[in-house]
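Just below is one structure, and these are the notes that go with it.
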Amino acid sequence: MYYSSCFSGISTENKVCSRLMHLLGMGVMITVITLGCSSPLFPASLSTQEHTELAIEVQQRIERDFPFFQGRHGPASHYADTSSWSALGTFFASMDECISVPSEKFFDSLRSAVASLEDGHTSISPAPYGAYPGIRLRYFEGYGYERGIYVEELTQRRLEEGPDGLALGDRIVAVTDAHERQVSEVSGMLDSPEHQWDHLFDYLKTMISASAEHAREQHAADSLFSAALRGRPFPGDIGIRVERRGELLDLIISGGRMTDAFPEIREPYSAIISEGSSAYHYIALPAMTYFDDIDRADRFINEAIATHADGIILDIRGNGGGNSALGDYLIARFNLLETFSFSIVKGTDGSLVRTIGPHQARGEQYDGPVILLIDHEVYSAANHLAALCYYANARNFRSPAFVLVGDRTGGGSGRPHSVKLTPEFTLRISRDILVDPEGNHHERGIEPHVQVNITPSDMAAGMRVRMPEEKLFETYRHTDLVILEALKALKDH
């Protein structure tokens, strides 16, 4: 493990950059590679010198800007902890290995090295893999189920493929390309170690930039098919081996279509949930991209106040963040007993950049129970909102307290910036970090008060844990395990 640069702060004095500098000027060309579907994501050719220069650029920027680097905030710092130092050690060792791998693996190695920092705001884009059209997968272990990746959700067309297609709750054993191949040939390919789910899964996890281990697992699971088909024709038939009710089945399913895409939920919406004599207001906030979303959220809260709602369910599942001010304005509508602020501090010296936190309420405040729905896809500004609720509870700044229901958030609340490495690649890096009044950061996510897990049996039964789209809300809310738990929490209030 190469920690020398961590303490010296001079990039050219550690083993990594010494080896990188040694390779400058060699000028050997590398082969063209493609990644993901059929389109190339990387430059047609780069020399070893250009590889080395890219690696040096990445490492120097990490050393200069990454907020957990070098313990810059002093011995009493809450920021650089054991996990931070371990991740930094892995990063420097990975950067050393990066320049030694075969040329076709260079970009994967560079992305993996940056991902080893375990920071949701620090990554190299574009991402090499993504969810496959019409199929959502989930990693699961425990509760007596075999560790693995299971089919969580399918589009209607996928569901209609019948016995020859995937079924909800199937456990993925292996995946391969099956385009224009015979069934017997595909079965032989599925026996290959390189197509086994655990081989693909373990490799994918090294590519995922996320603060929390469970977030890396879930994103890796969702990307399994695109990784298995890397560099192969798209769309094309896919060979899949699954376990279904204890039986192994080899299937050939059709490739993805544009019409297979799950709907992207971007607009806030609200609904009323009637349970007996109680009426609860459900507010979905799927993104924080547009500042006028707070106007819509204000209207929804005003409606809840005007109708004397028995509770509010605020759903931010899948919210990747955006404008943190939306969360600051929103939480101020929930009758906080005291005001407080979080601090954005520089990664270079820990100095204050600015303070953010609950703003003056933009209208009457709601004083009833509020349930916040969260999951592993809650990042950045949305994670900041979850952190505000968490801190308000810890300091008894609201009665009744906020109740967080769902899964641990993905983390990352600081302010990132981006650097263009090549026309194809961008390095995004955390430069500032967000801390609460006690100096604690929430970069690795927020734990819910009520944890909700979806088991393979739940998946097979059509249960859900993701935010429903507005037009299907009334149908899906009855099978949404997180909403059902939120209603239990409200009834117990």
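Within the stretch 463-487, the only residue that satisfies the criterion of being loosely packed, with under 15 Cβ neighbours inside 10 Å and touching a residue at least 12 places away in the same chain (Cβ under 8 Å) is GLU474. Residues in the stretch 297-320: is at least one of a type outside the set (Phe, Trp, Tyr), farther than 13 Å from ALA271 by Cα, in contact with a Lys or Arg (Cβ under 6 Å, 6 or more places away or on another chain) and part of a helix (DSSP H, G or I)? Yes, the stretch 297-320 contains a residue that is of a type outside the set (Phe, Trp, Tyr), farther than 13 Å from ALA271 by Cα, in contact with a Lys or Arg (Cβ under 6 Å, 6 or more places away or on another chain) and part of a helix (DSSP H, G or I).
Among the residues of the stretch 446-462, those identified as in contact with a strand residue (DSSP E or B) (Cβ under 7 Å, 6 or more places away or on another chain) and either in a helix (DSSP H, G or I) or free of Cβ contacts under 8 Å to residues at least 24 places away in the same chain (or both) are PRO456, MET459.
Filtering the stretch 254-283 to residues that are of a type in the set (Gly, Ala, Ser) and in a strand (DSSP E or B) leaves SER270, ALA271, SER274, SER278, ALA279.
Scanning the stretch 103-122 for any residue that is over 23 Å from the mean Cα position of the chain (by Cα), free of Cβ contacts under 8 Å to residues at least 12 places away in the same chain and farther than 19 Å from GLU243 by Cα turns up at least one such residue.
Quick grid of which residues meet (1) at pLDDT below 95; (2) under 28 Å from ALA113 (Cβ atoms):
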position: ALA394; (1), (2): yes, no
position: ASP407; (1), (2): no, yes
position: ARG428; (1), (2): yes, yes
position: LEU434; (1), (2): yes, yes
position: PRO437; (1), (2): yes, no
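Scan the stretch 349-370 and tell me whether some residue there is in a strand (DSSP E or B) and under 30 Å from ARG138 (Cα atoms). Checked the stretch 349-370: at least one residue is in a strand (DSSP E or B) and under 30 Å from ARG138 (Cα atoms). The single residue among LEU229, LEU166, LEU204, LEU249 that is out of contact with any helix residue (DSSP H, G or I) (no Cβ under 8 Å at 6 or more places or on another chain) and surrounded by 22 or more Cβ atoms within 10 Å (Cβ to Cβ) turns out to be LEU229. Could we say that SER270 is buried (at least 18 other Cβ atoms within 10 Å of the Cβ), over 24 Å from the mean Cα position of the chain (by Cα) and not charged (D, E, K, R) here? For SER270, the condition - buried (at least 18 other Cβ atoms within 10 Å of the Cβ), over 24 Å from the mean Cα position of the chain (by Cα) and not charged (D, E, K, R) - is met.
Picking from residues in the stretch 273-290 that are under 18 Å from LEU388 (Cβ atoms) and modelled with pLDDT under 95, the one that is surrounded by the most Cβ atoms within 10 Å (Cβ to Cβ) is MET288. Candidates are the residues of the stretch 323-354 that are polar (S, T, N, Q) and farther than 20 Å from ARG398 by Cβ; the one that is modelled with the highest pLDDT is ASN323.
Which condition does SER341 not pass, out of (1) closer than 30 Å to ALA174 by Cα; (2) surrounded by fewer than 22 Cβ atoms within 10 Å (Cβ to Cβ); (3) in contact (Cβ under 8 Å) with a residue 24 or more places away in the chain, if it passes all the others? All conditions are met except number (1). Restricting the search to the stretch 444-482, which residues are farther than 16 Å from ASN319 by Cα, among the hydrophobic types (A, V, I, L, M, F, W, C) and modelled with pLDDT of 95 or more? If the condition is that a residue be farther than 16 Å from ASN319 by Cα, among the hydrophobic types (A, V, I, L, M, F, W, C) and modelled with pLDDT of 95 or more, then VAL450, VAL452, ILE454, MET459, ALA460, ALA461, MET463, PHE473, LEU481 are the ones that fit. Looking across the stretch 213-224, the residues that are assigned to a helix (DSSP H, G or I) and either surrounded by 21 or more Cβ atoms within 10 Å (Cβ to Cβ) or in contact with a strand residue (DSSP E or B) (Cβ under 7 Å, 6 or more places away or on another chain) (or both) come down to ALA215, ARG216, GLU217, GLN218, HIS219, ALA220, ALA221, ASP222, LEU224. Scanning the stretch 392-407 for residues that are assigned to a helix (DSSP H, G or I) and either buried (at least 20 other Cβ atoms within 10 Å of the Cβ) or not small (Gly, Ala, Ser) (or both) yields a count of 2. Here GLU153 passes the criteria (1) over 27 Å from GLY412 (Cβ atoms); (2) in contact with a strand residue (DSSP E or B) (Cβ under 6 Å, 6 or more places away or on another chain) except the one numbered (1).
Residues are listed down the side, and each one gets a yes or a no for (1) among the hydrophobic types (A, V, I, L, M, F, W, C); (2) assigned to a helix (DSSP H, G or I); (3) touching a residue at least 60 places away in the same chain (Cβ under 8 Å):
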position: ALA167; (1), (2), (3): yes, no, yes
position: ILE172; (1), (2), (3): yes, no, yes
position: THR176; (1), (2), (3): no, no, yes
position: GLU180; (1), (2), (3): no, no, no
position: GLY188; (1), (2), (3): no, yes, no
position: PHE201; (1), (2), (3): yes, yes, yes
position: SER211; (1), (2), (3): no, no, yes
position: ALA227; (1), (2), (3): yes, yes, yes
position: ARG241; (1), (2), (3): no, no, yes
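Restricting ALA287, ALA297, ALA279 to those that are in the same structural domain as ALA332 (by TED's automatic domain parsing) and in contact with a Gly (Cβ under 8 Å, 6 or more places away or on another chain) reduces the list to ALA287. Scanning the stretch 351-364 for residues that are touching a residue at least 40 places away in the same chain (Cβ under 8 Å) and either surrounded by fewer than 18 Cβ atoms within 10 Å (Cβ to Cβ) or more than 28 Å from the chain's Cα centre (by Cα) (or both) turns up VAL353, ARG362, GLY363, GLU364.
Inspect all residues belonging to the stretch 248-256 and state whether any of them is polar (S, T, N, Q) and touching a Lys or Arg at 6+ places or on another chain (Cβ under 8 Å). Checked against the condition, which is being polar (S, T, N, Q) and touching a Lys or Arg at 6+ places or on another chain (Cβ under 8 Å), the stretch 248-256 yields no hits at all.
The values are calculated or read from the model by the stated rules, or taken from the named source; none is laboratory data. Because the structure is a prediction, the values reported are computed rather than measured. Cβ sites come from the backbone with ideal geometry, for glycine too, and all protein chains shown count toward neighbours.
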